[in-house]
1. Please enumerate the residues belonging to the stretch B:73-115 that are buried (at least 18 other Cβ atoms within 10 Å of the Cβ) and free of Cβ contacts under 8 Å to residues at least 24 places away in the same chain.
2. Please work out which residue is nearest to B:Gln41 (Cα to Cα), limiting yourself to the stretch A:49-76 and to residues that are among the hydrophobic types (A, V, I, L, M, F, W, C) and more than 10 Å from chain B (Cβ to nearest Cβ).
3. So, in the stretch A:33-72, how many residues would count as being touching a helix residue (DSSP H, G or I) at 6+ places or on another chain (Cβ under 9 Å) and more than 13 Å from A:Tyr90 (Cβ to Cβ)?
4. Check whether at least one residue in the stretch A:82-98 is more than 27 Å from A:Val14 (Cα to Cα), within 14 Å of chain B (Cβ to nearest Cβ) and either in contact with a helix residue (DSSP H, G or I) (Cβ under 8 Å, 6 or more places away or on another chain) or surrounded by fewer than 20 Cβ atoms within 10 Å (Cβ to Cβ) (or both), and report yes or no.
5. Quick one: in the stretch B:1-28, which of the residues that are polar (S, T, N, Q) and away from chain A (no Cβ under 13 Å) is farthest from B:Arg64 (Cα to Cα)?
6. Identify all residues within the stretch A:14-43 that are facing chain B (nearest Cβ under 9 Å), closer than 15 Å to B:Gly42 by Cβ and assigned to a loop (DSSP other than H, G, I, E, B); write none if there are none.
7. Name the single residue that is farthest from the other protein chains (Cβ to nearest Cβ) among those in the stretch B:29-57 being touching a strand residue (DSSP E or B) at 6+ places or on another chain (Cβ under 9 Å) and small (Gly, Ala, Ser).
8. May I ask you to list pairs of residues, at least six apart or on different chains, whose Cβ atoms are under 9 Å apart, with the first in the stretch B:58-71 being away from chain A (no Cβ under 14 Å) and acidic (Asp, Glu) and the second being surrounded by 12 or more Cβ atoms within 10 Å (Cβ to Cβ) and outside any loop (DSSP other than H, G, I, E, B)?
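Readers should treat all values here as calculations from the given coordinates under stated rules, not as data from a laboratory. This one's a predicted model, so the numbers in the text were calculated from it and none came from an experiment. Because the Cβ atoms are built from the backbone with ideal geometry, glycine has one as well, and the counts that use them run over all protein chains shown.
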Amino acid sequence: AQKVTQAQTEISVVEKEDVTLDCVYETRDTTYYLFWYKQPPSGELVFLIRRNSFDEQNEISGRYSWNFQKSTSSFNFTITASQVVDSAVYFCALSEANAGNNRKLIWGLGTSLAVNP
Amino acid sequence: GAGVSQSPRYKVAKRGQDVALRCDPISGHVSLFWYQQALGQGPEFLTYFQNEAQLDKSGLPSDRFFAERPEGSVSTLKIQRTQQEDSAVYLCASSLVGYSGNTIYFGEGSWLTVV
């Protein structure tokens, strides 16, 4: 069965701290895709990154970085030097390639990040 | 358009009323999804279209929920005889093509409150 677990419900940090959001997934497929989305208070889900299961290279985009480890089924997200504007709920999601007509994303419950000045 | 557009942004409905929520996907996007998100929860899949074909409606919670996309672009999610448990944010999303790795872009959602 497919499942995404974000064990951290809420995280609170002070501005400029680094913070890591954890994501652990379960799937029986060998080909799958992992995503991170940001949901600020306005409600829109903002796409951050997509990673396919064959690409374990870590990625850095500005203050954001992602660590994909198939051995531990984890796809963790780190924000370096956090800022107040990073405050949002962050969702990790999974999509399986062999899902036939089912293109839906499997979502974690989200981690609410509060960055305090 | 530049992004996925949803209307109305906010809707208050009396219990038993019918509501219709509209979604304008990104121009040229083949796939369209509807998700329901309750307060403090992650999105829950409702239904998926590829062009005008509804390929998966397994997430629709009851037969009061109906979605259509007659011309393969704009989609409408209709909820009949609304109940309080229908209160949620309804998110529409689209992607360029219909394979599972394609990035899915979301609208801002329609916030439905049933009183």
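1. Those that are buried (at least 18 other Cβ atoms within 10 Å of the Cβ) and free of Cβ contacts under 8 Å to residues at least 24 places away in the same chain: B:Ser100, B:Gly101.
2. Here is the first cut: in the stretch A:49-76, the residues among the hydrophobic types (A, V, I, L, M, F, W, C) are A:49, A:54, A:60, A:66, A:68, A:75.
This time we only want the ones that are more than 10 Å from chain B (Cβ to nearest Cβ), so: A:54, A:60, A:66, A:68, A:75.
On the way: A:Phe54: 30, A:Ile60: 28, A:Trp66: 23, A:Phe68: 24, A:Phe75: 20 Å.
That would be A:Phe75.
3. 3
4. Restricting attention to the stretch A:82-98, the residues satisfying the condition of being more than 27 Å from A:Val14 (Cα to Cα) are A:94-98.
Restricting the remaining residues to those that are within 14 Å of chain B (Cβ to nearest Cβ) gives A:94-98.
Still in the list and also either in contact with a helix residue (DSSP H, G or I) (Cβ under 8 Å, 6 or more places away or on another chain) or surrounded by fewer than 20 Cβ atoms within 10 Å (Cβ to Cβ) (or both): A:97-98.
Yes, there is a match, as at least one residue in the stretch A:82-98 is more than 27 Å from A:Val14 (Cα to Cα), within 14 Å of chain B (Cβ to nearest Cβ) and either in contact with a helix residue (DSSP H, G or I) (Cβ under 8 Å, 6 or more places away or on another chain) or surrounded by fewer than 20 Cβ atoms within 10 Å (Cβ to Cβ) (or both).
5. Taking the stretch B:1-28 and keeping what is polar (S, T, N, Q), we get B:5-7, B:17, B:27.
Subsequent filtering for residues that are away from chain A (no Cβ under 13 Å) retains B:7, B:17, B:27.
Numbers: B:Ser7: 20, B:Gln17: 11, B:Ser27: 29 Å.
Filtering first and then ranking leaves B:Ser27.
6. If the condition is that a residue be facing chain B (nearest Cβ under 9 Å), closer than 15 Å to B:Gly42 by Cβ and assigned to a loop (DSSP other than H, G, I, E, B), then A:Gly43 is the only one that fits.
7. Filtering the stretch B:29-57 down to residues touching a strand residue (DSSP E or B) at 6+ places or on another chain (Cβ under 9 Å) leaves B:29-52, B:54-57.
Applying the additional criterion that residues be small (Gly, Ala, Ser) yields B:31, B:38, B:40, B:42.
Values: B:Ser31: 6, B:Ala38: 11, B:Gly40: 8, B:Gly42: 4 Å.
Here the answer is B:Ala38.
8. Within 9 Å, the pairs are B:Glu68/B:Phe49; B:Glu68/B:Gln54; B:Glu68/B:Ser75; B:Glu68/B:Thr76; B:Glu68/B:Leu77; B:Glu68/B:Lys78.
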